[in-house]
1. Taking the conditions exactly as written (at pLDDT below 90, open to solvent by 40 Å² or more (accessible area, probe 1.4 Å) and out of contact with any helix residue (DSSP H, G or I) (no Cβ under 9 Å at 6 or more places or on another chain)), does V146 satisfy them or not?
2. Taking K84 and the conditions (1) outside any helix (DSSP H, G or I); (2) modelled with pLDDT under 90, which numbered condition does it fall short on, given that it satisfies the others?
3. Of all the residues that make up region 135-144, how many are part of a helix (DSSP H, G or I) and either free of Cβ contacts under 8 Å to residues at least 40 places away in the same chain or of a type in the set (S, T, N, Q) (or both)?
4. Out of all the residues in region 72-105, which are polar (S, T, N, Q) and free of Cβ contacts under 8 Å to residues at least 40 places away in the same chain?
5. May I ask you to say which residue of S64, S89, S59 is within 24 Å of S255 (Cα to Cα) and loosely packed, with under 12 Cβ neighbours inside 10 Å?
Amino acid sequence: MTTTEIPRPADAGPVRKVSRKRPRRAATGGLRQAVSATTLLWIMACLYGFPVLWFVLSSLKPASDLFSYPLTLVPHNPTLTGFKAAWDSANFSQYFINTALVCVITTILTVGVSCCTGYALAKYDNRWLKAFFICILATTMLPGEVMLAPEFLVVRNLGLYNSFAGIILPAVLTATGCFMFRQFFLTVPDELVEAARIDGAKELSIFLRIMVPLSRPIMLTLAILSFQWRWNDYIWPLLMLNDPNKFTVQIGIQSIVGAQNINWSVLLGASVISMIPLIAVFLVFQRYVMGADINAGLKD
């Protein structure tokens, strides 16, 4: 037999089909990872949402059912008497007006000041600005209680005690807001700023017409956070205000608590009422909090 008569491996048997199990395994693995992540998120949502659900449903229970044994999640006889008693027991309408005034003014000033500060720290190269930024970040390492005494003395010496200005001005500049805007403006290409300068735009025009529109998601995010901080603030308004007509919502809720006896039904109703503006603000503005197109206006 010659070498040409030796059967080749291809002639020895039928051709085997190429296995395609690996892509299926990869797809199955990706699906399992997605399902696992989704399941974990649902578990976390349930863990965080269950106490809030219990809190809201407990506000619908009569005072006699709050501590009845065994404890139940769903109220047997839901009632709104706790909400009505909470609204009638304190001047909540005035408290809401005072708190809304403080929150709106403080939020607007906080967003504006933080935006200007963050832009300067991100786009101007100066060693003193870097040192100033380090000093701003250093304030986050101090507990808020440590700064209460010096802030109170400064505000009192300025003649702002027992006034809304004494609550608003110390809360305008926040390290969190400056850091958020600085980190965002660092991601904006410098070519966009240089192109505007070549076209003859002034610094103020660049900031107002280019940087501010691009930073709208960060502005809305900080606005939501600032509104929440000021609405839930309790210690600072308690120190600064002694006029009942200027009290905020949190001080009004605290006034419901008695020295020896606590009406939990009324307290829960008042707490749920105080949450409504925060939920409304979040539902209105959360859909605007999205990623910004920082490359808008640039050509490849």
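The values are calculated or read from the model by the stated rules, or taken from the named source; none is laboratory data. Computed from a predicted model, the values in this text were never measured in an experiment. Here the Cβ is made from the backbone with ideal geometry for all residues, glycine too, and neighbour counts use every protein chain on show. SASA here: full protein model, heavy atoms, side chains in, ligands and nucleic acids out. Shrake-Rupley method; radii C 1.70, N 1.55, O 1.52, S 1.80 Å.
1. Taking the combined requirement at face value, the residue satisfies it.
2. Status for K84: all satisfied but (1).
3. 5
4. Filtering region 72-105 for residues polar (S, T, N, Q) gives 72, 77, 79, 81, 89, 91, 93-94, 98-99.
Scanning region 72-105 gives T72, N77, T79, S93.
5. Values: S89 fails: loosely packed, with under 12 Cβ neighbours inside 10 Å; S59 fails: loosely packed, with under 12 Cβ neighbours inside 10 Å.
Selected residue: S64, the only one of S64, S89, S59 that is within 24 Å of S255 (Cα to Cα) and loosely packed, with under 12 Cβ neighbours inside 10 Å.
For (1) closer than 22 Å to V111 by Cα; (2) touching a residue at least 12 places away in the same chain (Cβ under 8 Å); (3) among the acidic types (D, E); (4) open to solvent by 40 Å² or more (accessible area, probe 1.4 Å), each residue gets a yes or a no:
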position: L169; (1), (2), (3), (4): yes, yes, no, yes
position: T176; (1), (2), (3), (4): yes, yes, no, yes
position: F185; (1), (2), (3), (4): yes, yes, no, no
position: D190; (1), (2), (3), (4): no, yes, yes, yes
position: E194; (1), (2), (3), (4): no, no, yes, yes
position: I198; (1), (2), (3), (4): no, no, no, yes
position: E203; (1), (2), (3), (4): yes, no, yes, yes
position: F207; (1), (2), (3), (4): yes, yes, no, no
